Amino acid sequence: MLEVERLSKSYPTPSGPIRVLDEVSLRVADGERLAVMGPSGSGKSTLLSILGTLEPPTSGIVRLDGIDPFAGPADARASFRNRSIGFVFQEHHLLAGCTALDNVLLPAVATGRPSPVTVDRARLLLERVGLAARSPHLPGQLSGGARQRVAVARALLLAPRLLLADEPTGQLDSHGAAAVTDLLVELGAEVGGMLIVVTHADAVAERIGRVRRLVDGRLQ
Ligand code: ADP
Ligand code: MG
């Protein structure tokens with residue numbers, strides 16, 4: 001389970017600190033999904049980067065399966081993140097010089113050479129996202145929708161407890177958006193963890209099911 005209690009985030013500016021998140025509290029249980037919607041600048045990406053342990057909150061608590069990732073040292077946090085959290089961003093962030101298969105394997109490369117079991121899982125995931133035949137291809141040889149499906153496969157490689165997607169369909173047409181959303185939901189459900197998707201698209205939010213709005217840093 002993900003538990004977020006009174007999470008706030010401020011950034012210093014020359015005219016004093018600006019508060020980007022204001023006492024956000026939420027819970028997502030195992031197997032649950034949540035869509036976060038809200039205007040541009042309302043703090044959605046900031047919330048996701050804190051939940052993803054990329055950035056510390058100014059105050060408040062995040063617990064993933066009872067663990068506060070900000071309680072320990074930064075290197076422990078990095079390995080916790082690698083093991084427990086999967087990310088899909090608006091930009092696919094694939095490595096241009098690596099094949100689709102090697103891109104899917106990236107989360108495993110961080111901890112050494114991927115085992116044969118992991119390589120099999122990467123191939124299976126590529127098959128599941130409809131790209132088995134594309135595994136030796138470079139990102140530049142793939143369509144935008146296909147690149148984003150590779151990014152979904154990569155995020156799921158290590159079966160993360162928490163899958164975070166920040167406007168994952170923002171650059172896709174409605175057909176591509178529906179395909180990526182279905183994969184997040186279906187493959188995410190197989191892993192059994194939690195899924196949080198930031199989106200502007202009503203169709204995506206509907207598919208996710210539960211929706212909360214963030215307005216001026218406050219969760220409605
Ligand atoms: P959203 O994803 O909802 O569009 P963000 O979380 O990206 O919103 O940003 C929320 C607000 O926080 C914006 O006003 C943005 O300018 C500000 N902000 C984000 N990151 C920083 C930062 N590192 N330093 C200062 N202000 C920031
Ligand atoms: Mg954003």
Based on alpha-carbon positions alone, could you give the equivalent ellipsoid semi-axes of segment 173-220 from the gyration tensor, as √(5λ), descending, whole Å?
-> 21, 15, 7
Taking only Cα atoms and a 10 Å spring cutoff, compute GNM fluctuations for the chain and point out the largest among Arg27, Arg77, Arg113.
-> Arg113
Using all C-alpha to C-alpha distances in the chain, build P(r) with 5 Å bins and read off the rounded percent in each one.
-> 1, 7, 15, 19, 19, 16, 12, 7, 3, 1, 0
Measure off, as a whole percent, the carbon and sulfur share of the 1.4 Å-probe accessible area of segment 36-92, all protein chains present.
-> 56 percent
Under a point-charge model restricted to the Cβ atoms of Lys and Arg (+1) and Asp and Glu (-1), what is the dipole moment magnitude of segment 2-56 relative to its Cα centre, in debye to the nearest 20?
-> 180 debye
For segment 12-119, diffusion coefficient by Stokes-Einstein and Kirkwood Rh (Cα), 20 °C, 1.002 mPa s, µm²/s | 129 µm²/s
What the Cα atoms of segment 1-71 span along the principal axes, largest first and in whole Å, is 42, 29, 18
Helix 100-109 sits off the longest principal axis of the Cα atoms of the chain, rounded to the nearest 10 on a 0 to 90 degree scale, by 50 degrees
For segment 111-220, state the average projected area of the convex hull of the C-alpha atoms over all orientations, rounded to one decimal in nm².
-> 8.2 nm²
For the chain, what is the accessible area per residue in Å², given a 1.4 Å probe and the full set of protein chains?
-> 47 Å²
When the chain is modelled as a GNM with alpha-carbon springs shorter than 10 Å, which of Arg33, Arg19, Arg161 fluctuates the most?
-> Arg19
Euclidean distance between Cα centres, segment 19-91 to segment 105-177, Å | 21 Å
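The values are calculated or read from the model by the stated rules, or taken from the named source; none is laboratory data. Predicted model, so just to flag it, every value in this text is computed and none were measured. All Cβ positions, even for glycine, are placed from backbone atoms using ideal geometry, and neighbour counts span all protein chains on display. We work out accessible area using only protein heavy atoms, side chains counted, and drop any ligands, DNA or RNA first. Shrake-Rupley method; radii C 1.70, N 1.55, O 1.52, S 1.80 Å.
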